[in-house]
Amino acid sequence: MAQTVALHIDGLDTPLQLHLHGEADPHVSRSLREHGVWEPFETQLLLDALRPGDTFLDVGANLGYFSVLAAARVGPGGRVFAVEPEARNLALLRQNVSLNRFDDRVTVAAVAFSDSAARTHLYLNPDNPGDHQLHPDTPGRAEVAVDTVPGARWLAGRASRVDVVKLDVQGAEYRAVSGLLPLLQASLPRLSLLVELSPRSLRQSGYSGRELINLLAQLELGFAIVDHIEHRLVPTDAEALATWCDNVDAVEDDAGFMNIYLAPGIYSSA
């Protein structure tokens, strides 16, 4: 049974609540139930990057945690676009937007962002509603039909630019960035992105970590590794990240991953 919890976010005075997946979700819902926060350092990164009136794009929105926080931060003059194709996540996302009275500023996209428009399959993880994928990484996953669309095409007429992007789509990041690239380039120079980098998942989807890094490098933003243990950003560069991806790919079944952050003014000493 879905539960409702109050969020406890440093520096955010707006009272917020979320409906959760319940005991079936041992990750996001469990953290929110026990602590009132998910990925606290990433949470602060995104909140610090957002200003009233900004536009936030949440690709892989799940139950809407980051979308709701962003909606509180950008205020009634801002916009949030929450992208989520899976039906149960989508239902919670919509409920959480309404629960916090953000229907005036949050637009939900019931699709998956990719590099082309198509009808395809989403492969479901029965133990983790944040790990549904557009590629089958293990046998036996149930699958459902979903629509994909290039993000820049879907957002045309809805947003002329975005200020902050969170992208976590379980290996489909390369295709999602490809489909968003014209809009991301139009959003420079004030653009920040938080992106999950999982070489194994990217490889299973037909691309590589190096290819994703090279694609993101076209934005000419600074790169940093998100150190969620020490709660700090570690400046790096595209070649160092691409080499790390190559090294992960060289070890069979290495499932190493990290979050990376791109923004103006991040400079590596490497």
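If you add up the charges near Ala61, with Lys and Arg at +1 and Asp and Glu at -1, over every other residue whose beta carbon is less than 11 angstrom from its beta carbon, what do you get?
-2
Check Val146: other-chain or 5+ apart residues with amide H under 5 Å from its amide H, H built from backbone geometry?
Residues meeting the criterion, in which the H sits 1.01 Å from N, are Thr120, His121, Leu122.
What's the FRET efficiency of Gln17 with Asp254 using the Cβ-Cβ distance as r and R₀ = 45 Å, to the nearest 0.05?
0.70
Would you mind computing Rg(Cα) / (2.2 N^0.38 Å) for the chain, counting N as its residues?
0.94
Which FRET efficiency value, to the nearest 0.05, is calculated for Arg161 and Arg101 with the Förster distance at 30 angstrom and r the Cβ-Cβ distance?
Efficiency computed from Cβ-Cβ geometry: 0.70.
Please state the shape class of the stretch 150-216: rounded when a/c is under 1.5, otherwise prolate if a/b exceeds b/c and oblate if not, all from the C-alpha gyration tensor.
Judged from the Cα gyration tensor, the stretch 150-216 comes out prolate (a/c at least 1.5, a/b above b/c).
How big is the dipole moment of the stretch 1-51 about its Cα centre under a simple scheme where the beta carbon of each Lys and Arg is +1, that of each Asp and Glu is -1, and everything else is neutral? Debye, nearest 20, please.
120 debye
To the nearest 20 Debye, how big is the dipole of the chain about its Cα centre, given +1 on the beta carbon of each Lys and Arg and -1 on that of each Asp and Glu?
For the chain, the charge dipole is close to 1040 debye.
Could you give each residue of the stretch 197-212 its phi-based ³J(HN,Hα) in whole Hz, using Karplus coefficients 6.51, -1.76, 1.60 with θ = phi - 60°, and x for Gly or Pro?
10, 10, x, 4, 5, 4, 5, 5, 8, x, 10, 9, x, 4, 5, 5
Roll a 1.4 Å probe over the protein chains and send me the accessible area per residue for the chain in Å².
For the chain, the solvent-accessible area averages 44 Å² per residue.
When DSSP assigns beta bridges and you keep just the ones with both residues in the chain, what percent turn out antiparallel, to the nearest 5?
If I count the DSSP bridges inside the chain, around 55 percent turn out antiparallel.
Suppose R0 equals 45 Å. What FRET efficiency, 1/(1 + (r/R0)^6) with r the Cβ-Cβ distance, do Ser116 and His27 give to the nearest 0.05?
Efficiency for this residue pair is about 0.90.
Which whole-Hz couplings ³J(HN,Hα) result when phi for each residue of the stretch 102-115 is put into the Karplus expression 6.51 cos²θ - 1.76 cosθ + 1.60, θ = phi - 60°, listed in order with x for Gly and Pro?
Karplus values, whole Hz, x for Gly and Pro: 10, 4, 6, 10, 10, 10, 9, 10, 8, 9, 10, 7, 8, 9.
With a 1.4 Å probe and all protein chains left in place, how much of the accessible area of the chain comes from carbon and sulfur atoms, in whole percent?
Exposed carbon and sulfur together represent 50 percent of the surface.
Between Val144 and Ile229, what length in nm is gained on full extension when 0.36 nm per residue of separation is reduced by their alpha carbon distance?
27.0 nm
Please give, to one decimal in nm, the separation of the simple spin-label points placed at Gln218 and Arg51, each 7 Å out from Cα toward the Cβ.
My value for the distance between the label points is 2.8 nm.
May I ask you to order 87-95, 246-254 by the average number of other C-beta atoms within 10 Å around their residues, highest value first?
87-95, 246-254
The values are calculated or read from the model by the stated rules, or taken from the named source; none is laboratory data. Computed from a predicted structure; not experimentally measured. Backbone-built Cβ (ideal geometry, glycine too); neighbour counts: all protein chains shown. What goes into the accessible areas is simple: the full protein's heavy atoms, side chains included, and nothing from ligands, DNA or RNA. Shrake-Rupley method; radii C 1.70, N 1.55, O 1.52, S 1.80 Å.
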